[in-house]
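S.K.: There's a structure below that I have some questions on.
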Amino acid sequence: MQKFPMTAPGLQRLEDELRQLKSEERPAIIRAIAEARSHGDLSENAEYHAARDRQSFIEGRIAQLEEVISAVEVIDPSTLSGNQVKFGAHVHLMDEETEKEATYQIVGVYEADITHGRLSVSSPLAKTLIGKKTGDSISVPAPGGDRTYEILDVRYGG
C-alpha cells in the first residue's frame, strides 16, 4: 500500500472533513432524497436527481478520504532542523526577476493549498526545492518560461 506523507494538521483537516461528511452531510442528503421522493414521479423530479448526484459525490469523497487517511504517514516537521529543504520545511523565497518574496511550507499532496502557503511535495517548485539550502538559486519551469528563485530562509516547526 502506498503511504502518503502528511503533517499532523493536514491529517486533522482530512479527519474533520470526513467526520463532517458522515455526521452532517450524509444524513442531510438522505433526508433530502426522502423529501424529494415524497413529491411523486421521480423521472421528472429535478430535486430528486440533484439530491442523488450530491449523495454520489458525498459517498465518493468519504471513500476517498477513508482510503487516504488509512495510508497517511505523519511527519512532524518540528523534529527536523537545518537549512536544507525537506518535507515540512517553511521556505522563504524571492523571485529573482520581480524581487517578490513568498513563504511556502512543503506538505503532502492531500493537504496542499497554495492560497494558505501549503505547497504540494509533488509540485514542480517543491521538487526543485527539496535538498537545496539557504542561499541557493533554483530555476523552475513555468508556463511563461523558467522562473528563478533565491532561497532566503529555511525553517522547521511553526
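S.K.: On the Cα set of the stretch 33-89, report Rg and Dmax in Å, please.
M.R.: Answer for the stretch 33-89, Rg first and Dmax second: 21.9, 66 Å.
S.K.: Further question on the same structure: Assuming R0 = 41 Å, can you tell me the calculated FRET efficiency for the pair Arg37 and Asp146, based on Cβ-Cβ distance, to the nearest 0.05?
M.R.: Values: r = 57 Å, r/R0 = 1.39.
Efficiency, rounded to the nearest 0.05: 0.10.
S.K.: Show me 119-125, 21-27 ranked by packing, highest mean number of other Cβ atoms within 10 Å first.
M.R.: 119-125, 21-27
S.K.: Another one. Starting from the Kirkwood Rh over alpha-carbon pairs, what translational D in µm² s⁻¹ does the stretch 77-155 have by Stokes-Einstein at 20 °C and 1.002 mPa s?
M.R.: Translational D for this selection: 172 µm²/s.
S.K.: Give me the percent relative contact order of the chain, please, defined on Cα pairs under 8 angstrom at least 6 residues apart.
M.R.: Once normalised by length, the contact order is 26 percent.
S.K.: A further question follows. Per DSSP H run of n ≥ 4, the term is -39500 (n - 2.57); total these for the chain, divide by its residue number, and report the mean residue ellipticity at 222 nm rounded to 500 deg cm²/dmol.
M.R.: On the way: 4 runs with 56 residues, N = 158.
Computed mean residue ellipticity for the chain: -11500 deg cm²/dmol.
S.K.: Rank these for me by crowding, Val85, Val74, going from fewest to most other beta carbons within 10 Å. The partial results should precede the final answer.
M.R.: On the way: Val85 22, Val74 14.
With the sparsest Cβ surroundings first, the list reads Val74, Val85.
S.K.: Something else about it: Mind checking the full-extension length gain between Asn83 and Tyr156? Use 0.36 nm per residue of separation minus the Cα-Cα distance, one decimal, nm.
M.R.: This chain segment gains 25.4 nm when fully extended.
S.K.: Moving on to the next point. Whole-Å semi-axes of the stretch 19-132's equivalent ellipsoid, largest first, each the root of 5 times a Cα gyration tensor eigenvalue?
M.R.: 44, 17, 10
S.K.: Could you list the trypsin sites (Lys or Arg not before Pro) in the stretch 61-158 that lie in coil according to DSSP, counting only those with at most 15 other Cβ atoms within 10 Å of their Cβ? List each step's numbers first, then the result.
M.R.: Working: sites: Arg61, Lys86, Lys100, Arg118, Lys127, Lys132, Lys133, Arg147, Arg155; in loops: Lys86, Lys100, Lys132.
When the trypsin sites (Lys or Arg not before Pro) of the stretch 61-158 are filtered for loop state and at most 15 Cβ neighbours within 10 Å, Lys100 remain.
S.K.: Report the extension gain between Arg19 and Glu101 in nm, rounded to one decimal, defined as 0.36 nm multiplied by the number of residues separating them, less their alpha carbon distance.
M.R.: 25.8 nm
S.K.: What percent does the relative contact order of the stretch 77-155 come to when contacts are Cα pairs within less than 8 Å and at least six residues apart?
M.R.: Dividing the mean separation by the residue count of the stretch 77-155 yields 36 percent.
S.K.: A further question follows. Out of the stretch 77-158, which GluC sites (Glu not before Pro) are coil in DSSP terms and have no more than 15 other C-beta atoms within 10 Å?
M.R.: Glu96, Glu97, Glu99
S.K.: Give me His49, His90 ranked fewest to most by other Cβ atoms within 10 Å of their Cβ, as a rough exposure proxy.
M.R.: Ordered from fewest to most neighbouring Cβ atoms within 10 Å, His49, His90 come out as His49, His90.
S.K.: Over all Cα pairs of the stretch 1-80, how is the pair count split among 5 Å bins, expressed in % and running from 0 up to the last occupied bin?
M.R.: Final binned percentages: 3, 14, 19, 16, 13, 10, 9, 7, 5, 3, 1, 1, 0.
S.K.: About its Cα centre, how strong a charge dipole does the chain have in debye, to the nearest 20, once Lys and Arg get +1 and Asp and Glu get -1 at the Cβ?
M.R.: Approximately 400 debye in magnitude.
S.K.: Now, a different point. What aspartates and glutamates does Lys133 reach when the alpha-carbon gap must be under 18 Å and sequence neighbours fewer than 8 apart in one chain are set aside?
M.R.: Within reach: Asp95, Glu96, Glu101, Glu150, Asp153.
Where a number appears in this text, it was derived from the coordinates with a stated rule and is not lab data. Since we're looking at a predicted model, the values are computed, not measured. Note: ideal-geometry Cβ built from the backbone for every residue, glycine included; neighbour counts use all protein chains shown.
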